[in-house]
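These notes are about the structure you will find just below.
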Amino acid sequence: MRSLRVQTEARRSVLPRSAMPEITTALAPPTKERLIRDAENTANLRGPIIRTEAGPASADETAEAAFERLGATWDFYFQVFARNSIDKAGMPIEGVVHYRRGYDNALWNGTQMIFGDGSGRLFTRLAHSLTVCAHEVSHGVVQYDGPLVYQGQSGALNESMADVLGVLVEQWSLDQPVEQADWLVGREILAPGVTGKALRSLAEPGTAYDDDVLGRDPQPGHMDGYVETDEDNGGVHINSGIPNRAFTFVAQRLGGRAWEDAGRIWYASLGHERLLPTATFRQFARITRYVASTLFGAGSRQVSAVEEAWDGVGVQL
């Protein structure tokens, strides 16, 4: 079985909390700054700039798609969490499109979101998926707020946070209530002929695809299925299904808009001072319970939802 995943190259580095920039007071509200480069089907990450805030719109459909989706992600973070870009300090959001030729991946390299066009056999143009774009931007957010070491359970939490925030960006953009959400990452990128519905399913890990070429979605949704492996940095793209499912349990239990109560709990937990770079699922779960109690009260329905969700995926609090 061949396991493919949207991944990053520079997530192992851990920034000390003292080095993380804080939101600064400004007289004028922050404005987003985006630029898109064209790698011209090479590995050159400093290719020509083909789209900026100053315009005009690009004739390149993929460049324009990346520009719009990265902008929607910036809008989500600013309007929902009052966050000024990836680093909280107005960092320009830089995308690189047409990376290599037939490249079946997207990634965050520490400063840029990089998108392949896909081979057409497994994936198609990755920059055309809002959840993929938001996933990669969210890895930058995790880098500055977590930061979670990209190995084992902390690495799976890193991936899960990017998935959770990625789907929240889409749901917020659509003003979509929990009941209407499909909880899929990358539904647009599967090539014609691939048997599947998306790259990952947060609500139903292990069901996203089952294909002769792509393989079968390997994600577990419960600790009973936790995968011990030396591959994939200890299964970061595999075991992330467990905290993904926990989040959807919370959101579905609470109803309404997932980015409100459930999203606030997860986002605040990511930046909480108690979160260690090497956090386990259990440690993160306890932080989410603590944060829910702080935000909504010890006996609140939000706390109950968090407790039941983690119990539902086999993580003991």
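Computed from the coordinates by the stated procedures, all read-outs in this text should not be read as laboratory data. Note that the structure is predicted; figures quoted are calculated from it, not measured. Reconstructed Cβ throughout: ideal geometry from the backbone, glycine too, with neighbour counts over all protein chains shown.
At q = 0.11, 0.14, 0.15, 0.21 Å⁻¹, what is the base-10 log of I(q)/I(0) for the range 142-276 according to the Debye formula with one equal point scatterer per Cα and no solvent? Please give it to two decimals.
The computed values of log10 I(q)/I(0) come out as -0.39, -0.63, -0.73, -1.31.
Quick one: dipole size for the chain, taken about the Cα centre, charges +1 on Lys/Arg Cβ and -1 on Asp/Glu Cβ, in debye to the nearest 20. Walk me through the numbers before you get to the answer.
On the way: 30 positive and 40 negative charges, 114 e Å.
Result for the chain is approximately 540 debye, rounded to the nearest 20.
Rank by packing, highest mean first: peptides 31-40, 159-168, with packing defined as the count of other Cβ atoms within 10 Å averaged across residues.
With the highest mean Cβ count within 10 Å placed first, the list reads 159-168, 31-40.
For the chain, which DSSP H helices look membrane-span-like by this rule: Cα extent along the axis of 27 Å or more and mean Kyte-Doolittle of at least -1.0?
61-81, 152-174
For the chain, what is the calculated [θ] at 222 nm in deg cm²/dmol (nearest 500), taking -39500 (n - 2.57) for each run of four or more DSSP H residues and dividing by its residue count? Could you put the intermediate results ahead of the total?
On the way: 8 runs with 120 residues, N = 317.
Value at 222 nm, helices only: -12500 deg cm²/dmol.
For the chain, modelled as a GNM with alpha-carbon contacts under 10 angstrom, which of ILE49, ILE238, ILE114 fluctuates the most?
Highest fluctuation among the options: ILE49.
Using C-alpha positions alone, give me the convex hull volume of the range 52-103 per residue in cubic angstrom.
That works out to 96 Å³ per residue.
Considering only DSSP beta bridges with both partners in the chain, what is the antiparallel share in %, to the nearest 5?
Expressed as a percentage, antiparallel bridges in the chain total about 60.
Divide the volume of the convex hull of the Cα atoms of the chain by its number of residues and quote the answer in cubic angstrom per residue.
129 Å³
About the Cα centre of the range 17-145, how large is the charge dipole given +1 on each Lys and Arg Cβ and -1 on each Asp and Glu Cβ? Please answer in debye to the nearest 20. Write out the running numbers ahead of the final one.
Details: 13 positive and 16 negative charges, 44 e Å.
Result for the range 17-145 is approximately 220 debye, rounded to the nearest 20.
When only Cα pairs under 8 Å and 6 or more residues apart are kept, what is the percent relative contact order across the range 226-313?
Value for the range 226-313: 31 percent.
For the range 253-317, state which trypsin sites (Lys or Arg not before Pro) are in a DSSP loop and have at most 14 other beta carbons lying within 10 Å of their beta carbon.
On the way: sites: ARG253, ARG257, ARG264, ARG274, ARG282, ARG286, ARG289, ARG301; in loops: ARG257, ARG274.
Counting only loop positions with at most 14 other Cβ atoms within 10 Å, the trypsin sites (Lys or Arg not before Pro) in the range 253-317 are ARG274.
With r defined as the distance between the Cβ atoms of GLU40 and ASP212 and R0 fixed at 25 Å, what FRET efficiency is calculated, to the nearest 0.05?
The computed FRET efficiency comes out at 0.15.
Of LEU276, LEU157, LEU107, which has the largest mean-square fluctuation in a 10 Å C-alpha GNM of the chain?
Taking springs between Cα atoms under 10 Å, the residue moving most is LEU276.
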